[in-house]
1. Protein chains only, probe 1.4 Å: how do 163, 150 rank by accessible area, largest first?
2. Quick check on the stretch 169-222: what does the Kirkwood estimate of hydrodynamic radius come out to from the alpha carbon pairs, in Å?
3. Would you mind calculating the gained length between residue 84 and residue 151 on full extension (0.36 nm times residue separation, minus the Cα-Cα distance), in nm to one decimal?
4. Once you order the gyration tensor axes a ≥ b ≥ c over the Cα atoms, which shape class does the stretch 1-150 get: rounded for a/c under 1.5, otherwise prolate or oblate by comparing a/b with b/c?
5. Would you list 39, 48 from the most to the least accessible area, probe 1.4 Å?
6. Keeping every protein chain present and rolling a 1.4 Å probe, give me the accessible area per residue for the chain in Å².
7. Which of rounded, prolate, oblate describes the stretch 52-126, given a ≥ b ≥ c as roots of the alpha-carbon gyration tensor eigenvalues and a/c under 1.5 marking rounded, otherwise prolate only if a/b is larger than b/c?
8. Apply the Karplus parameterisation 6.51 cos²θ - 1.76 cosθ + 1.60, with θ equal to phi minus 60°, to every residue of the stretch 32-43 and state each ³J(HN,Hα) to the nearest whole Hz, in sequence, with x for glycine and proline.
Amino acid sequence: MPKFGLITIGQSPRTDMTPEMKAVMNKDVELIELGALDHLTNEEIRKHRPVDGDQTLISRLANGDEIKISKRTLTPLIQDKIYQLESQNVSAIILVCTGSFPSFHHQKPILYPDKIVYKVVEGLLKQNKLGVIVPLPDQVEDMALKWNSKAFITKCVYANPYKNNTESFVSASKKLAEEDVDLIVLDCMGYTESQKEIVKVHVNCPVILSKTIIARVANELL
């Protein structure tokens, strides 16, 4: 049975995410989940919270709570999980985060959602107006700059995937509809199919869910 390693930037298992990825992959694939924050105490986790100047990422703990994490302190933890998964003879590794990361040391292929999702958008966007939904208000400016730097005219809004708040997705969708964007990206692996459906109801353009795009690309490697 082929094995894929999944590295979440929070804690595993990701019961909110992995089943939806598994649903679009071959039934005989085994998914081995590791979290960058697995087995850390609450005190140790606090050391990875962002401080002034840090880039903030968001994920989920094993108990379901959301967690804001510093990309700076997270990177070496991810590297350790890559080594751990490679020792378990996985076929490839999926970094379960759409944030931009440096290239890690690895022997097996690594799927970087940030790079893959960008290429999908680049191939699909015939016009030049992109809508992006991100989890946190303090990510809006940075993510708009990120996508604008890739030659897209970008409107960026936020809706938190880890809060059960339908209205935030309705509001975000309506803002993007008013901007008449040509394509919308849910730019976080934590967004769900049901949240994507909420967005689709209120817009008149395609909506991309990052995690299922990545799962389908991973499936092609099989």
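1. Ranked list, largest accessible area first: 163, 150.
2. 11.7 Å
3. 20.4 nm
4. Note, shape of the stretch 1-150 comes out oblate.
5. I get 39, 48, largest accessible area first.
6. 48 Å²
7. Oblate, because a/c is 1.5 or more while a/b does not exceed b/c.
8. Working through the residues one at a time gives 10, 9, 10, x, 4, 9, 4, 6, 8, 6, 4, 5 Hz.
The values are calculated or read from the model by the stated rules, or taken from the named source; none is laboratory data. For clarity, every value in this text was computed on a predicted model and none was experimentally measured. Heads up, the Cβs are rebuilt from the backbone with ideal geometry, glycines too, and the neighbour counts pull from every protein chain shown. Accessible surface is based on the protein model in full, side chains and every heavy atom, while ligands, DNA and RNA are left aside. Shrake-Rupley method; radii C 1.70, N 1.55, O 1.52, S 1.80 Å.
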